[in-house]
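No value in this document is a laboratory result; all are computed from the given coordinates. If you're wondering where the values come from, they're calculated on a predicted model, not measured in any experiment. Please note: Cβ atoms are built from the backbone with ideal geometry, for glycine as well, and neighbour counts cover all protein chains shown.
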Amino acid sequence: MTGRILVVDDQPLNVKLLEAKLTSEYYDVLTARGGAEAIRMAVEERPDLILLDVMMPDMDGYEVCRHLREQPETMHIPIVMVTALSDTADRVVGLEAGADDFLTKPVDDLALFSRVRSLLRFKVTFDELRLRLGVNDGAALGERALRWGEPVEGARVLLLEDFDSRARYMAEALQDHHHVDVVTTESDALRKAETGDYAVIIISLSLEDIDGLRVASQLRSRPATRMVPILVLIEDGDLERLAKALDLGVTDYVMAPVDRNELIARVRMQVRRKHYQDRLRSDIETSVSMATLDELTRLHNRRYLTTYLAREFERAQSTGKALSLMVLDVDHFKAVNDTYGHASGDLVLVELGRRMLQATRSTDLAARYGGEEFVVVMPETDITVACAVAERLRQAIGDSPFPAGEGNPQLPITISIGVAAMSPEVSTPDALFRAADDALYKAKGAGRNRVLAAGVEA
């Protein structure tokens, strides 16, 4: 996997060394010699990953990291701090500032490339979500963007660890901030992970009779857990196993012996990213819903109806199966709005949509065409059956009154329905709609509150 990587270091030799290593693996490398330049380039160039030196004269790496995490344009870019500092406290400061990981100078090639590959995969996932949402520069997230300082307490964490004392230590460290469930077997871990709605899953790679990497791989292959962050506990210095874990899709790691504050910081980081990911997915679902569903009735909208009808018409032509359509509207609906107000009218339309879904079949598609006019597409349905379904719908609407809001009486509502079926004479989706609409017009002219098939005189 390729990508654009911004290397930030005030020492030219360090920059050249990292640039040479990354270029040899076919990464596109950008360079900056200070914090201010790094911030400017991150905004302008939008790299896929930033390798950030900690010790710089004008602005240290922690400050740069905090600034990048505070900006919607750059908050989603993975950041790895490259430092000669080895104290755990320094790592905690960096993690709290928003760094995804640390690399210690001199940088080990295996550690470098495994971490780069892992974080670039992460970036691709988020970029795809942002693209589907239509977020290009980050600013469009607005208030929906998760701010780095927002609290992320109370998440559910699953810990797979069979070493009792270490499991207790880790659970106690986290339980002041999150809800922690501890399991000791592979089967319990997989079962709970499937049903537990966890924000983070922690897996020890030092389990006595369990291959932790295999558990991580299974979690990544299952739909319910595919997107859940996985943090592994690994022995210090076991870089080859760490590289394998990252290649399998593990999100982060903690080295043993576990530092309490680092564990808390890394879990908080993953919870924060999970929340951001969930917000993006929720916004995508909302945007898809808005694009296909009518806001008021929650039936499908006209745009979706047009696409669906064209597709079903083509399918019916290719298979030789029947296709019918009903067009209906509310009788004397203007009088409802004029007498009781548009709010009451909206309540009538909402109830109408609900009854339509109850009276039509699971294979039918109900849509609001506009105003008080609705359409039902009926695949593999001939005109006789379609008229029977339409009559059932007419009765479902007319048999009981509709609520019209507080202080208003319940209203008797009726509908008129026109029905048409695909035929050699009705050879396009537009022709099918016109035929049903003409039948509706005739039904209304004949006195309303009735079903009329195309080609049948009222």
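Calculate the dipole size of the stretch 302-453 relative to its Cα centre from +1 charges on Lys and Arg beta carbons and -1 charges on Asp and Glu beta carbons; express the result in debye to the nearest 20.
Charge dipole, the stretch 302-453, about its Cα centre: 140 debye, nearest 20.
For K105, go through the aspartates and glutamates and keep the ones whose alpha-carbon is under 15 Å away, minus same-chain ones fewer than eight residues off.
D9, D10, E19, D53, D87, D90
First measure r as the distance between the Cβ atoms of T195 and E406, then evaluate 1/(1 + (r/R0)^6) with R0 = 51 Å and state the FRET efficiency to the nearest 0.05.
Details: r = 42 Å, r/R0 = 0.82.
Efficiency for this residue pair is about 0.75.
Semi-axes of the stretch 1-144's equivalent ellipsoid from the Cα gyration tensor, sqrt of 5 times each eigenvalue, largest first, rounded to whole Å?
Output for the stretch 1-144: semi-axes of 23, 18, 14 Å.
Give the whole-number value, in cubic angstrom per residue, of the convex hull volume spanned by the C-alpha atoms of the stretch 302-453.
In the stretch 302-453, the Cα convex hull volume per residue is 99 Å³.
If you take the alpha carbon radius of gyration of the stretch 382-458 and divide it by 2.2 N^0.38 Å, what ratio comes out, to two decimals?
On the way: Rg = 14.7 Å, N = 77, 2.2 N^0.38 = 11.5 Å.
Here the answer is 1.28, to two decimals.
Which of the helices in the chain, when you take each full DSSP H run, stretch at least 20 Å along the axis at their Cα atoms and have an average Kyte-Doolittle score of -1.0 or higher? All intermediate terms of the calculation are to be shown ahead of the outcome.
On the way: long enough: 109-133 (36 Å, 0.24); 260-292 (48 Å, -0.96); 302-319 (25 Å, -1.11); 342-359 (25 Å, 0.27); 383-398 (22 Å, 0.86); 429-445 (24 Å, -0.39).
For the chain, where a helix must reach 20 Å along its axis and average at least -1.0, the hits are 109-133, 260-292, 342-359, 383-398, 429-445.
For M81, M290, which order do you get if you count the other beta carbons within 10 Å of each Cβ and list the fewest first? Don't skip to the end; give the middle numbers.
Values: M81 28, M290 11.
Starting with the residue having the fewest Cβ neighbours, the order is M290, M81.
Could you size up the charge dipole of the chain around its Cα centre, putting +1 on the beta carbon of Lys and Arg and -1 on that of Asp and Glu, and report it in debye to the nearest 20?
Values: 55 positive and 74 negative charges, 309 e Å.
With only Lys, Arg, Asp and Glu charged at Cβ, the dipole is about 1480 debye.
Considering only DSSP beta bridges whose two residues both sit in the chain, what percent are antiparallel, to the nearest 5? Write out the running numbers ahead of the final one.
Values: 21 of 60 bridges.
About 35 percent, rounded to the nearest 5.
Can you figure out the FRET efficiency of V385 with R117, using R₀ = 60 Å and their beta-carbon distance, to the nearest 0.05?
In this case the efficiency is close to 0.60.
What Rg and what Dmax come out for the chain when only alpha-carbon atoms are used, in angstroms?
30.3, 90
In the stretch 387-458, which trypsin sites (Lys or Arg not before Pro) are in a loop and have at most 11 other Cβ atoms within 10 Å, using DSSP for the loop call? It would help to have the intermediate numbers written out before the result.
Working: sites: R392, R394, R434, K442, K444, R448, R450; in loops: R448, R450.
Passing both the DSSP loop test and the Cβ count: no residue.
At what distance in nm do the modelled label points of H332 and S423 sit from each other, each positioned 7 Å from its Cα along Cα→Cβ?
Those two pseudo-labels are separated by 3.3 nm.
Cut-off is 10 Å between beta-carbons; in what order do R311, R4 appear when sorted fewest neighbours first?
Neighbour counts put them in this order, fewest first: R311, R4.
Magnitude of the Cβ-charge dipole of the stretch 151-285, K/R +1 and D/E -1, about the Cα centre, nearest 20 debye?
In debye, rounded to 20, the stretch 151-285 gives about 580.
D164 to R279: extension gain in nm, 0.36 nm per residue of separation minus the Cα-Cα distance? Intermediate results must be reported in sequence, preceding the final value.
Numbers: separation 115, 0.36 × 115 = 41.40 nm, distance 3.58 nm.
The span from D164 to R279 would gain 37.8 nm if fully extended.
Of all GluC sites (Glu not before Pro) in the stretch 218-324, which ones are in loop regions per DSSP and have a Cβ with at most 16 other Cβ atoms within 10 Å?
E295
Debye sum, Cα scatterers, the stretch 151-285, no solvent: what log₁₀ I/I(0) at q = 0.17 1/Å?
One equal scatterer on each Cα of the stretch 151-285 leads to -0.86.
What does the extension gain come out to for A84 and S287, with contour length at 0.36 nm per residue minus their alpha carbon separation?
That pair, A84 and S287, stretches by 68.5 nm at full extension.
Quick one: I202, I77, I39, fewest Cβ neighbours within 10 Å first, how do they rank? Show your work: numbers first, answer last.
Numbers: I202 28, I77 22, I39 19.
Exposure proxy ranking, most exposed first: I39, I77, I202.
Report, by chain and number, residues whose modeled amide H sits under 5 Å from the one on M59, excluding near sequence neighbours (fewer than 5 apart, same chain).
Amide H neighbours of M59: G35.
Distance in nm between label sites at D109 and L296, each 7 Å beyond Cα in the beta-carbon direction?
With each label point 7 Å from Cα toward Cβ, the separation is 6.8 nm.
Straight-line reach from K123: which lysines have Cα under 20 Å away, leaving out those fewer than 8 places along the same chain?
Filter leaves K244, K274.
Calculate the spin-label point distance for T307 paired with H342, positioning each point 7 Å from the Cα along the beta-carbon direction, and give it in nanometres.
So the label points at H342 and T307 sit 2.8 nm apart.
Say R0 is 35 Å: what FRET efficiency, to the nearest 0.05, do E153 and E25 get from their beta-carbon distance? Could you put the intermediate results ahead of the total?
Details: r = 39 Å, r/R0 = 1.12.
According to the calculation, E is roughly 0.35.
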